Every structure is written in structure tokens, then in C-alpha cells.
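Everything below concerns the one structure shown next.
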Amino acid sequence: MGVVGVVGVVARRRGQTVGVELGEAVRRRHMVRSFSGRPVPHEVVDRLVRATLAAPSAGNTRGTAWIVLEGAAQTSRYWMAATTAPWRAGARRWPGLSRAAVVAVSLASPAAYLSRYAEPDKARGGADLGLSESEDAWAVPYWFADAAFGVMTLLLGATAEGLGACFLGNFRAEAEVLSALGVPNGWRLFGAVALGEPAGDDPSSSSLDRAGPAEEDRVHYGRWGSVSGPAAEGSAPPTGRQ
Ligand SMILES: Cc1cc2nc3c(=O)[nH]c(=O)nc-3n(C[C@H](O)[C@H](O)[C@H](O)COP(=O)(O)O)c2cc1C
């Protein structure tokens, strides 16, 4: 076991039982967009989704929720609402994605956070900022932050379990998805996680082909532009690009 412990104590892979260390799960996780169609046992799905409820939550509000769709009859409720017939006819990813055994729809309630930040322990700062009055007062919409922590927990849990998963953003059709799933007014769609056994024939992702920023441009120590840790501070000027 690594120093950070074991994420999924057991991950089943073609009959083998393997332990998955957290660092390995983080490294190994990538979006999977083609699934075999093999069902995932309900107990496994339930365990993975319930594990996300331990994710951090602003003010411990826990104003997020999942709708878990299992099997084609249920997952099609999401796909038919979230996609169009022309998209399905033309998208090279559709066949593989549509075979996902599970689609977990991630929801967030802004009202829950506005209400929580009106409570006595939060009200002082919250009132100053108007956090309980309006979603616009929030510099960062914590309801989506909480949803994202939950999604990441599910992505890592799926990896630890030897499964594949892909986060699907909310670009369009939010109203259609919420209506198709009977979601009460006030809830927002954050996105969805397609989950299942990987088929191993993922279409290449153009997102991965594009050159991104260098790591030094994304990790700064002490101040923007410095790539040195604290040992170098004071003994030498920042070595990062200025
Ligand atoms: C907020 C967000 C929205 C995303 N939306 C989609 C999506 O709608 N469809 C999709 O196939 N991948 C989506 N992705 C996955 C990214 O394309 C992917 O994480 C990125 O290319 C890096 O690849 P990797 O996660 O496999 O390492 C999304 C990721 C994030 C964080």
C-alpha cells in the first residue's frame, strides 16, 4: 500500500483482484468513451455513487444529488433528452458511449447554498456579501464546485474498480434532461457520468492531441512565475519566467 492508502481496496479485472493505490488511480484515470455494454452489478454502482457523498461540500450543505440510470431502458432517458437524432447519426462516439451500462446524472441546488449561507454560523459573512440573496453574489458557484468534487470522486472510484467513466458536460438540453428525469424545479444539471466496462476501442480524443500549457505555467511556488520550492526562497531570486 502506498503512503496515501488504497482507494478501491479491491478492483475486479477479468476475474483478478487487485488493489489500487490512490496515486495510481489518479494517474490511470482517463475519460473512457466506448463501453462493452456489459452490465455493472447494482451493488457496485450503488457503492461507487454513495462514496461520492463523502466528497467535500461547502458549508457541509450537501446540496447536490444524483439520478443513477442503469441499463438501456433507463440510460436512454438521458441520451434521448441530451442529444439529437442528427448528432446520434453523425457522432463517431455515439455507438461506444450509448453502450455505457450506467449514466449518473449530477444535479446541484443553488437554493440549498443560498439557504445554508443564511444560517447563523454563515450569515454574517454571507449577509455582507449578499450570498443568501442572489446566485450572482457568489464569486464561485459552490453548488457546481460541490458537484464537481462528487463527479471526480466517482471518476476515481470507477478507475479503482477497474471500470471506465466519462464526464459529459452540460452544453444544451438542460431543461429537457431535467424534465425527462422528473427533477423538481430549482435543481440545475451539472453534467453526467457515463460508466461501465471499457470496450478498449476508444475513438481518439482531439482534446488530447492539442498542445497545452507547460507544467511550469500551471504550478507556481511562492509567487506567480516561480518554479522553485521554499528551499530556494531567500537564497536565490525566483527562477521562473518573469
Ligand atoms: C468540465 C468538463 C466538461 C467536459 N465535458 C466533456 C464532454 O461533454 N464530453 C466528453 O467526451 N468529454 C468531456 N470532458 C472530458 C475532457 O475532454 C477530458 O477530461 C480532457 O480532454 C482530458 O482527458 P482525460 O480526462 O482523459 O485525461 C469534460 C471535462 C470537464 C472537466
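Magnitude of the Cβ-charge dipole of the chain, K/R +1 and D/E -1, about the Cα centre, nearest 20 debye? Working shown, then result.
On the way: 25 positive and 23 negative charges, 142 e Å.
Magnitude of the dipole: close to 680 debye.
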Query raised in the report: When the convex hull of the Cα atoms of the chain is projected onto a plane and the area is averaged over all directions, what value comes out in nm²?
Result: 17.5
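Can you give the Kirkwood hydrodynamic radius of segment 109-166 from its Cα pairs, in Å with one decimal? Mind dumping the intermediate values first?
Details: mean 1/r = 0.0777 Å⁻¹.
12.9 Å is the Kirkwood radius here.
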Report summary line: Residue span D136 to A111: 0.36 nm per residue of separation minus Cα-Cα distance leaves a gain in nm of 7.8 nm
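Would you mind working out the magnitude of the charge dipole of segment 48-173 relative to its Cα centre, with +1 at each Lys and Arg C-beta and -1 at each Asp and Glu C-beta, to the nearest 20 Debye? Provide the component values of the computation, followed by the final result.
On the way: 11 positive and 9 negative charges, 134 e Å.
So the dipole magnitude of segment 48-173 works out to roughly 640 debye.
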Report task. Report the extension gain between W94 and A175 in nm, rounded to one decimal, defined as 0.36 nm multiplied by the number of residues separating them, less their alpha carbon distance. Result -> 27.0 nm
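Take the Cβ-Cβ distance between A214 and Q74 as r, set R0 to 35 Å, and report the resulting FRET efficiency rounded to the nearest 0.05. Before the final figure, lay out the partial values.
Numbers: r = 43 Å, r/R0 = 1.23.
Working from the Cβ atoms, E equals 0.20.
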Query raised in the report: In percent, how large is the relative contact order of the chain, given Cα pairs closer than 8 Å and 6 or more residues apart?
Result: 27
Report task. Anything in the chain that counts as a DSSP H helix reaching 24 Å or more along its axis (C-alpha) with Kyte-Doolittle mean of at least -0.5? List them, would you? Result -> 142-160
Query raised in the report: N60 versus W224, label points 7 Å from Cα toward the beta carbon: distance in nm?
Result: 3.7
Query - Inter-label distance, nm, simple model (7 Å from Cα along the C-beta direction), V26/R47 - result: 2.3
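Read-outs: derived from the displayed coordinates by stated rules, not from any lab. The model shown is predicted, which means the values in this text are computed figures rather than measured ones. Heads up, the Cβs are rebuilt from the backbone with ideal geometry, glycines too, and the neighbour counts pull from every protein chain shown.
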